[in-house]
Amino acid sequence: MNGVVKLTKEKPNEIHYFRKVGRMGNSLGVSLPKSLAAKLNLLQGDEIEFIENDRGEVVFKKARQGQLPDNIRSEVLEAFFDVFEEDKGILEDLRDR
C-alpha cells in the first residue's frame, strides 16, 4: 500500500484520495493518508464508523468515544442496542401512532 494520489478538487472543499486495497491478516485493509488521519484526529487503535448511503457511497468518520458511568457495563449497553436494532420497526410504528 504505497503512495497517495491527490486529484484536483472536483467540488469546493472536496479532495479525492486513491489507495490500493491490501491484505491484513485474513481481512482486506486500506491505509489512510497521514494528512487525512490528522484531519480526523485519528490515532492507532481508534475506531472508525462506516456509513453506506442509498447512493452506494460510503462515508467514514471517527467513532465517538463516550465514557460510561461506573455502574453501567458496556456489554449490557451493547445488548440493549442489539434489542433496539432488532425491534426498530416496532418502535418506529409505536412512535408514529
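The values are calculated or read from the model by the stated rules, or taken from the named source; none is laboratory data. Note that the coordinates shown come from a computational prediction; the quantities given were computed from them, not determined experimentally. Using ideal geometry, Cβ is built from the backbone for each residue, glycine included, and neighbour counts are taken over all protein chains shown.
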task: Just give me the residues in region 49-97 being acidic (Asp, Glu), touching a residue at least 12 places away in the same chain (Cβ under 8 Å) and either surrounded by fewer than 10 Cβ atoms within 10 Å (Cβ to Cβ) or more than 30 Å from LEU32 (Cα to Cα) (or both), in sequence order.
output: none
- prompt: Among all residue pairs at least 6 apart or on different chains, which show Cβ distances below 6 Å where the first residue, located in region 1-21, is closer than 14 Å to PRO33 by Cα and the second is part of a loop (DSSP other than H, G, I, E, B) and modelled with pLDDT under 55?
  reply: HIS16/LEU7; LYS20/MET1
message: So for region 2-16 (the condition being part of a strand (DSSP E or B) and at pLDDT below 90), does at least one residue qualify?
response: yes
